[in-house]
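Okay, structure first, notes after.
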Amino acid sequence: MAVLTKKTCILAFLLLISTPLFAQINVDTISSIKNNPGIYSLLISQNNKLICQKYFNGHTDHELYNNQSLTKSVISLLIGIAIDEGKIKSVDEKIVDFFPALKNDPDKRKQAITIRQIMNQASGLYHEDLTRLDLYLNLPDPSGYVLNAPLLTEPGKVFHYSNAATHLLSAILTKSTGMDTRTFAAKYLFAPLGITNFDWPKLHDGYYDGAGLMALRLQTSDMVKIGSLLLHNGTYNGKQVVPAKWISLVLYPDISYPTEWGLDRSTYALCWYHNVYKGTEVIYGLGWGGQFVMVIPSLNAIIAVNENPANENAIKQSVTFTTRTFQAIFQQLK
């Protein structure tokens, strides 16, 4: 048996205290960030500590940023809370329970559509024309229009990204909880996270946007808090905010679908994306134009970024982040 000398113990102690608990992130060296007019903010947390908090192009930490489809990921957590509260039976509850008029629809397949299928972008329901969003957003009853429109595919069979269908989740939350989505979120999700400053528009049907076309607006630092729930089994500051069972389902979904969005070869389930990046699990939310919340459990890390969603280079911004910026940050985190 080896004998530990006093000198050996001292050297071991010095090595321990000299080993950094956090990665040293220098974003100023990342070429895809420097002189990028579209980036607003970049925050990186590791081991529950912000190790990078940068704002660009005149933007600040107190601004509310347009999160686009990150709204869906927040809605996902609200659905999990509503299930835990007994307001929704399960993720496999049929939407006809909330929209009984579907019983009279000539296409009986609509009665079998579940909440899970909507959250997986596989409901088969109408999806808006992304090149003419105004046609959908100007509808007096967008949720009713989606429900009444002919099915495009067999429910549960085909992944097709649909903001129009996802918005129904906000209506389901409102109908099931007796509270509008904004109020429910403020009470059960935002207040426990210390989030008090946010903006959430409604669509013309009177329901708060459930998809992100009008978009939930939060500070980037608050999106880090949202991401932290996935690292800590739904807890924040020792309090259970989102049920651990729901977080587990989000992290390890029973059913998922390949998607062309985001990181190469990602899958989609329950309004979150999944990827194995260089052998490392990454779960993330994604919004148009480069809005991201990336959660890397094995590194205990969260990356949150907001960029200009109205930029004519919005698609390019998102691709630049997934192919260049994220790679550079990931290498420094490792």
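Remarks
- The residues of region 162-182 that are out of contact with any helix residue (DSSP H, G or I) (no Cβ under 7 Å at 6 or more places or on another chain) and either basic (Lys, Arg) or crowded, with 16+ Cβ neighbours inside 10 Å (or both), listed by number, are 162, 163, 175, 179, 182.
- Check on residue 34, closer than 30 Å to residue 151 by Cα and open to solvent by 10 Å² or more (accessible area, probe 1.4 Å): no
- Complete set of residues in region 212-233 that are hydrophobic (A, V, I, L, M, F, W, C) and either modelled with pLDDT under 95 or part of a loop (DSSP other than H, G, I, E, B) (or both): 213, 214, 215, 216
- Taken across region 278-290, residues that are assigned to a strand (DSSP E or B), open to solvent by 30 Å² or more (accessible area, probe 1.4 Å) and closer than 21 Å to residue 250 by Cα do occur, with at least one present.
- Residue in region 291-324 that is least open to solvent (accessible area, probe 1.4 Å), counting only those that are over 20 Å from residue 230 (Cα atoms) and in contact with a Ser or Thr (Cβ under 7 Å, 6 or more places away or on another chain): 320
- Residues satisfying the stated conditions in region 89-121, i.e. touching a strand residue (DSSP E or B) at 6+ places or on another chain (Cβ under 6 Å) and open to solvent by 20 Å² or more (accessible area, probe 1.4 Å): 92, 94
- Leading residue by the ranking (farthest from residue 165 (Cα to Cα)) among those in region 234-254 that are in contact with a Leu (Cβ under 9 Å, 6 or more places away or on another chain) and in a loop (DSSP other than H, G, I, E, B): 237
- Hits in region 255-274 (condition: touching a helix residue (DSSP H, G or I) at 6+ places or on another chain (Cβ under 9 Å), at pLDDT 95 or above and open to solvent by 10 Å² or more (accessible area, probe 1.4 Å)): 255, 262, 264, 274
- Residue in region 202-213 that is within 29 Å of residue 40 (Cβ to Cβ), touching a Pro at 6+ places or on another chain (Cβ under 7 Å) and open to solvent by 40 Å² or more (accessible area, probe 1.4 Å) present: yes
- Taking the conditions (1) within 24 Å of residue 310 (Cα to Cα); (2) of a type in the set (S, T, N, Q); (3) modelled with pLDDT of 90 or more in turn, residue 35 satisfies each one other than (3).
- Reported count of residues in region 56-88, each being open to solvent by 10 Å² or more (accessible area, probe 1.4 Å), assigned to a loop (DSSP other than H, G, I, E, B) and either free of Cβ contacts under 8 Å to residues at least 60 places away in the same chain or more than 17 Å from residue 227 (Cβ to Cβ) (or both), is 11.
- Considering only residues in region 192-201 that are of a type outside the set (Val, Ile, Thr) and touching a helix residue (DSSP H, G or I) at 6+ places or on another chain (Cβ under 9 Å), the one that is surrounded by the most Cβ atoms within 10 Å (Cβ to Cβ) turns out to be 200.
The values are calculated or read from the model by the stated rules, or taken from the named source; none is laboratory data. On a predicted model such as this, the values are computed, not experimentally measured, just so you know. Quick reminder, even Gly has a Cβ in these numbers, built from the backbone with ideal geometry, and neighbours come from all protein chains shown. The protein model used for the area step is the full one, side chains on, heavy atoms only, and it has no ligands, DNA or RNA in it. Shrake-Rupley method; radii C 1.70, N 1.55, O 1.52, S 1.80 Å.
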